[in-house]
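*Asks:* Can you read through this structure? Questions will come right after.
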Amino acid sequence: ELKVEQNPLFLSMQEGKNYTIYCNYSTTSDRLYWYRQDPGKSLESLFVLLSNGAVKQEGRLMASLDTKARLSTLHITAAVHDLSATYFCAVAGTASKLTFGTGTRLQVTL
Amino acid sequence: EAGVAQSPRYKIIEKRQSVAFWCNPISGHATLYWYQQILGQGPKLLIQFQNNGVVDDSQLPKDRFSAERLKGVDSTLKIQPAKLEDSAVYLCASSLVAGPREQYFGPGTRLTVT
């Protein structure tokens, strides 16, 4: 059974600081997704990572995938308040079934 | 391009009652998913359809939950009878069969069982 772990579960950071969210998974997969969820809202797709070494960047967020280590990271550069949300990684298993991580609640303070 | 549509957005029912949710996926997306998201947790897949066939329903509590996707487009998810622990947000998502198979989520239905 595919297991996905994220850490930290909660992250409070000051504006302007950098930080990384980690996503570990238990079995081989070639596809990993990052989603953002604002309170009371649905999930918004951020990144799709399809191969070992893949790196995607959008604004202050950068995601990477190491399939050999079964690890993905979401790096936040110079955080701003608008980035406050919960971030989920999701790993594709057989038949494209997604298993989601527990989520990381990010709070960016002034 | 229109997104995934869901209704209703909110529903409050008493335990042992029945409820149904509706989903209309993005046009052309053959794969449709229903997820349950309990407060503070990540979404959990309940059932996955490809066209009108079931691909995975291993985590669907079949004694009370049922889902169908007639004609391979719209889908309904039903709970009968509801329990308190069914209180959650029910999310519908859709994706293409080929390519990165990125899933696009609807706004969800927030169910409260009292």
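The values are calculated or read from the model by the stated rules, or taken from the named source; none is laboratory data. Note that the structure is a prediction, hence the values are computed from the model and not measured. Using ideal geometry, Cβ is built from the backbone for each residue, glycine included, and neighbour counts are taken over all protein chains shown. For accessibility, only protein heavy atoms count, side chains too; no ligands or nucleic acids. Shrake-Rupley method; radii C 1.70, N 1.55, O 1.52, S 1.80 Å.
*Asks:* I'd like the full set of residues that are within 10 Å of chain B (Cβ to nearest Cβ), open to solvent by 10 Å² or more (accessible area, probe 1.4 Å) and part of a strand (DSSP E or B), limited to segment A:74-106.
*Replies:* Within segment A:74-106, A:Thr86, A:Thr99, A:Phe100, A:Arg105 qualify.
*Asks:* Of everything in segment A:1-50, what is of a type in the set (S, T, N, Q), within 11 Å of chain B (Cβ to nearest Cβ) and either under 14 Å from B:Gln41 (Cα atoms) or open to solvent by 50 Å² or more (accessible area, probe 1.4 Å) (or both)? Give them in sequence order.
*Replies:* Passing the criteria: A:Gln6, A:Gln37, A:Ser42.
*Asks:* Output yes when any residue across segment B:44-67 is away from chain A (no Cβ under 14 Å), open to solvent by 70 Å² or more (accessible area, probe 1.4 Å) and modelled with pLDDT of 95 or more, and no when none is.
*Replies:* Checked against the condition, which is being away from chain A (no Cβ under 14 Å), open to solvent by 70 Å² or more (accessible area, probe 1.4 Å) and modelled with pLDDT of 95 or more, segment B:44-67 yields at least one hit.
*Asks:* Which of the residues belonging to segment B:103-112 are facing chain A (nearest Cβ under 9 Å) and out of contact with any Leu (no Cβ under 8 Å at 6 or more places or on another chain)?
*Replies:* B:Tyr104, B:Pro107, B:Arg110
*Asks:* Tell me, yes or no, whether segment A:25-47 has at least one residue that is without any contact (Cβ under 8 Å) to a residue 40 or more places away in the chain and among the aromatic types (Phe, Trp, Tyr).
*Replies:* Looking for residues that are without any contact (Cβ under 8 Å) to a residue 40 or more places away in the chain and among the aromatic types (Phe, Trp, Tyr), one finds at least one in segment A:25-47, hence yes.
*Asks:* Now a separate question. Taking segment B:68-101 as the region of interest, how many residues are within 14 Å of another protein chain (Cβ to nearest Cβ), surrounded by fewer than 15 Cβ atoms within 10 Å (Cβ to Cβ) and closer than 19 Å to B:Ala2 by Cα?
*Replies:* Qualifying residue count, segment B:68-101: 1.
*Asks:* Any idea which of A:Leu110, A:Leu71, A:Leu61 is buried (at least 18 other Cβ atoms within 10 Å of the Cβ) and either of a type outside the set (Ser, Thr, Tyr) or within 21 Å of B:Glu102 (Cβ to Cβ) (or both)?
*Replies:* A:Leu61
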